[in-house]
1. I'd like the full set of residues that are among the β-branched types (Val, Ile, Thr) and either open to solvent by less than 60 Å² (accessible area, probe 1.4 Å) or at pLDDT 95 or above (or both), limited to segment 78-116.
2. I'm told TYR137 meets every condition in (1) open to solvent by 50 Å² or more (accessible area, probe 1.4 Å); (2) over 29 Å from ALA26 (Cα atoms); (3) touching a helix residue (DSSP H, G or I) at 6+ places or on another chain (Cβ under 9 Å); (4) of a type in the set (Phe, Trp, Tyr) except one. Can you identify the failing condition by its number?
3. Only one residue in PHE78, PHE46, PHE94 is free of Cβ contacts under 8 Å to residues at least 24 places away in the same chain, in contact with a Gly (Cβ under 9 Å, 6 or more places away or on another chain) and not basic (Lys, Arg). Which one?
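The values are calculated or read from the model by the stated rules, or taken from the named source; none is laboratory data. These figures come from a predicted structure and were not determined experimentally. Glycine gets a Cβ as well: all are built from the backbone with ideal geometry, and neighbour counts include every protein chain shown. Heavy atoms of the whole protein, side chains included, go into the accessibility calculation; ligands, DNA and RNA do not. Shrake-Rupley method; radii C 1.70, N 1.55, O 1.52, S 1.80 Å.
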Amino acid sequence: MKQAFALMMLLAALLQLGYLLAGYDAIYQIGYGAITLMGLMISLTFLWLYVQRATPLALGMAYSWSGASLVLGWWWIFALAGEPVVMSESAAHFAPLALYLTGAVLHFSVIHRSFGSHGAAFLWPALGAVALSTLIYLVV
């Protein structure tokens, strides 16, 4: 735990130093690009693990990491391309979001089963998140 925290603090300091030396845009582009590419590699690793061992958690992780990476990658490419209008409100962005949401639902399913429960009750946290998000959207 201490090593992970130390690594996080080191990376935060390096990002701040990079910001001071190269500016926001450079660090944003490098950081988003790096996490997009690393996330896709992690996703492929979890997909391989799922194929090897067929664990539901590995499949959830593969979906989550690929979805997260592609959502971040969308914004990375959007910024790199100068914020093109064609990407501003494109429904194509919902495909990686669907991967991400699928990963989340699969995680709730695995958590649900780890508590010894069965059935569709694992959907309640996901539905609650959608309902809360909808409420916040309507209020704001």
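1. Step one: of segment 78-116, the residues among the β-branched types (Val, Ile, Thr) are 85-86, 102, 105, 110-111.
Residues satisfying the conditions are THR102, VAL105, VAL110.
2. Failed condition: (3).
3. Numbers: PHE78 fails: in contact with a Gly (Cβ under 9 Å, 6 or more places away or on another chain); PHE94 fails: in contact with a Gly (Cβ under 9 Å, 6 or more places away or on another chain).
Among PHE78, PHE46, PHE94, only PHE46 is free of Cβ contacts under 8 Å to residues at least 24 places away in the same chain, in contact with a Gly (Cβ under 9 Å, 6 or more places away or on another chain) and not basic (Lys, Arg).
Table: residues versus (1) open to solvent by 90 Å² or more (accessible area, probe 1.4 Å); (2) in contact with a helix residue (DSSP H, G or I) (Cβ under 7 Å, 6 or more places away or on another chain); (3) outside any helix (DSSP H, G or I); (4) under 30 Å from VAL110 (Cα atoms).
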{"site": "ALA13", "(1), (2), (3), (4)": "no, no, no, no"}
{"site": "TYR32", "(1), (2), (3), (4)": "no, yes, no, yes"}
{"site": "MET41", "(1), (2), (3), (4)": "yes, no, no, yes"}
{"site": "PHE46", "(1), (2), (3), (4)": "no, yes, no, yes"}
{"site": "GLN52", "(1), (2), (3), (4)": "yes, no, no, yes"}
{"site": "LEU57", "(1), (2), (3), (4)": "no, yes, no, yes"}
{"site": "ALA68", "(1), (2), (3), (4)": "no, yes, no, yes"}
